[in-house]
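**Q** Shown below is the structure under consideration.
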Protein chains: 2
Amino acid sequence: MDNLSAKGISWYYDRLNRHCCRLTKPRRAILDILEDTGEHLSAEQIHRQVSKISTNAGLSTVYRNLELLVRIGLVWKFDAGDKKARYEIAKRTDENHHHHLICKKCNTIIDYSASVDNEKDFIKMREKNLSRKYNFKIENHCIDFFGLCYKCRKS
Amino acid sequence: MDNLSAKGISWYYDRLNRHCCRLTKPRRAILDILEDTGEHLSAEQIHRQVSKISTNAGLSTVYRNLELLVRIGLVWKFDAGDKKARYEIAKRTDENHHHHLICKKCNTIIDYSASVDNEKDFIKMREKNLSRKYNFKIENHCIDFFGLCYKCRKS
DNA sequence: CTTGTTAATGAGAATTATTCTCATTAAAAA
DNA sequence: TTTTTAATGAGAATAATTCTCATTAACAAG
């Protein structure tokens, strides 16, 4: 029940293949979880979930794979101020590319779409100019706003 | 030689005072160092420098103060991908407010001024719209671009 | 200036996210 | 099926940060 043909070959298969990475069970579990939730999970949350849907994988395997997946661009890693990293799936399509509003107090993370107010155009222009000016190959970016969410404003 | 009158009462005195924080020796040393270098230092770098110019302060004192200073808005904290936090002085004036280009490989950090290409205007507009839409009090933001610097592109 | 109150300190122990080690396992090629 | 070698899992090791607690020093009040 846990083989490729059951779900069909996933979108990430090619990318893994191109990087000579095997499609292992924990690796698939991590990607599937991140894809399904669409949330920003910590390594430990991912580890817990993986242990549910797949044979229980070691925490170090989860870390190792997250590092790999970030490196080959399938996953985004970012930091919400508390000291554990968060990970989310990185289908960088215009529809679901987004940035974050992060509450300093309760650490809630609100996603907002990057495709309003010309944000996309602005970023593209900015990347182009910065690349040229500093001779820097920009691969991705992180735009986060920090402050107080609705609930925390009142307390 | 290490008293207030020697350097004059510093710009941060008021802010500390308003928060009922004493103007202690290590606290001043940290602020002075961050102000002088204008760099993004890690807690440990700051600790080393503090130990030079002031009586040697404990590392925990440095951490405690950095946390405080971030909380009352005198210092900015951010994360450059390796896992130690960086700190920089937070005089949020238009002239020196800036964002970062961070090299994934060698961790070099390039500052670029936020006051070109209408970046300031764009951010301001964005903050206003997001605040309203999500009822979120935005206090600051973090805009970083990640990629490869000039040197690392070639290797 | 002296004294009393209490925030702040310093040294090191404790914590915790992440990385490393290494013997074992299982993808994928032959 | 066999072979090769990337990947795994368990736990030890690392390192940044936080905590503890007895001691010190800001600074307000007399």
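The values are calculated or read from the model by the stated rules, or taken from the named source; none is laboratory data. What you are looking at is a predicted structure, and each value in this text was computed from that prediction instead of being measured. For neighbour counting, all protein chains shown are included, and Cβ atoms are generated from backbone atoms with ideal geometry for every residue, glycine included. Ligands, DNA and RNA are excluded from the accessible area calculation, which covers all protein heavy atoms including side chains. Shrake-Rupley method; radii C 1.70, N 1.55, O 1.52, S 1.80 Å.
**Q** Which residue is farthest from B:Arg15 (Cα to Cα), if the candidates are limited to the range B:50-65 and must be at pLDDT 95 or above and crowded, with 19+ Cβ neighbours inside 10 Å?
**A** B:Val62
**Q** Sort out which residues of the range A:126-155 are at the interface with chain B (Cβ under 9 Å from one of its Cβ atoms), assigned to a helix (DSSP H, G or I) and farther than 15 Å from B:Asp144 by Cα, and write them in order of number.
**A** Within the range A:126-155, A:Lys133, A:Tyr150, A:Cys152, A:Arg153 meet the criteria.
**Q** Going through the range A:8-49 one residue at a time, which ones are open to solvent by 20 Å² or more (accessible area, probe 1.4 Å), within 18 Å of the chain's Cα centre (by Cα), more than 19 Å from A:Arg86 (Cα to Cα) and not aromatic (Phe, Trp, Tyr)?
**A** Residues satisfying the conditions are A:Ser10, A:Arg15.
**Q** In this structure, is B:Ile123 buried (at least 19 other Cβ atoms within 10 Å of the Cβ) and either outside any loop (DSSP other than H, G, I, E, B) or outside the structural domain of B:Leu31 (by TED's automatic domain parsing) (or both)? Quick ask: steps written out before the conclusion?
**A** Working: buried (at least 19 other Cβ atoms within 10 Å of the Cβ): yes; either outside any loop (DSSP other than H, G, I, E, B) or outside the structural domain of B:Leu31 (by TED's automatic domain parsing) (or both): yes.
So B:Ile123 fits the description; yes.
**Q** Being within 16 Å of DNA strand D (Cβ to nearest atom) and farther than 27 Å from A:Arg126 by Cα: is that true of B:Tyr87 here? Before the answer, list the steps.
**A** Working: within 16 Å of DNA strand D (Cβ to nearest atom): yes; farther than 27 Å from A:Arg126 by Cα: no.
The answer is no for B:Tyr87.
**Q** Could you list, in sequence order, the residues of the range A:52-69 that are of a type in the set (D, E, K, R) and within 8 Å of DNA strand C (Cβ to nearest atom)?
**A** First, the residues of the range A:52-69 that are of a type in the set (D, E, K, R): A:52, A:64, A:67.
A:Arg64, A:Glu67, listed by residue number.
**Q** I need the full set of residues from the range A:108-142 which are touching a helix residue (DSSP H, G or I) at 6+ places or on another chain (Cβ under 9 Å), among the polar types (S, T, N, Q) and at pLDDT below 90, in order please. Outline the logic, then answer.
**A** First pass over the range A:108-142, keeping only residues touching a helix residue (DSSP H, G or I) at 6+ places or on another chain (Cβ under 9 Å): A:108, A:110, A:112-114, A:116-119, A:122, A:126, A:134-138, A:141.
Those still in the list that are among the polar types (S, T, N, Q) too: A:108, A:113, A:118, A:135.
Of everything in the range A:108-142, those that are touching a helix residue (DSSP H, G or I) at 6+ places or on another chain (Cβ under 9 Å), among the polar types (S, T, N, Q) and at pLDDT below 90 turn out to be A:Thr108, A:Ser113, A:Asn118.
**Q** Which residues, taken from the range A:94-108, are part of a strand (DSSP E or B) and either facing chain B (nearest Cβ under 8 Å) or farther than 20 Å from B:Phe136 by Cβ (or both)? It would help to see each step written out before you state the result.
**A** In the first step, residues of the range A:94-108 are kept if they are part of a strand (DSSP E or B); the result is A:98-103.
Listed by number, the residues that qualify are A:Leu101, A:Cys103.
**Q** Can you go through A:Asp111, A:Asp32 and tell me which one is in contact (Cβ under 8 Å) with a residue 12 or more places away in the chain and either assigned to a loop (DSSP other than H, G, I, E, B) or within 16 Å of DNA strand D (Cβ to nearest atom) (or both)?
**A** Values: A:Asp111 fails: either assigned to a loop (DSSP other than H, G, I, E, B) or within 16 Å of DNA strand D (Cβ to nearest atom) (or both).
Just a single option satisfies the conditions, and that option is A:Asp32.
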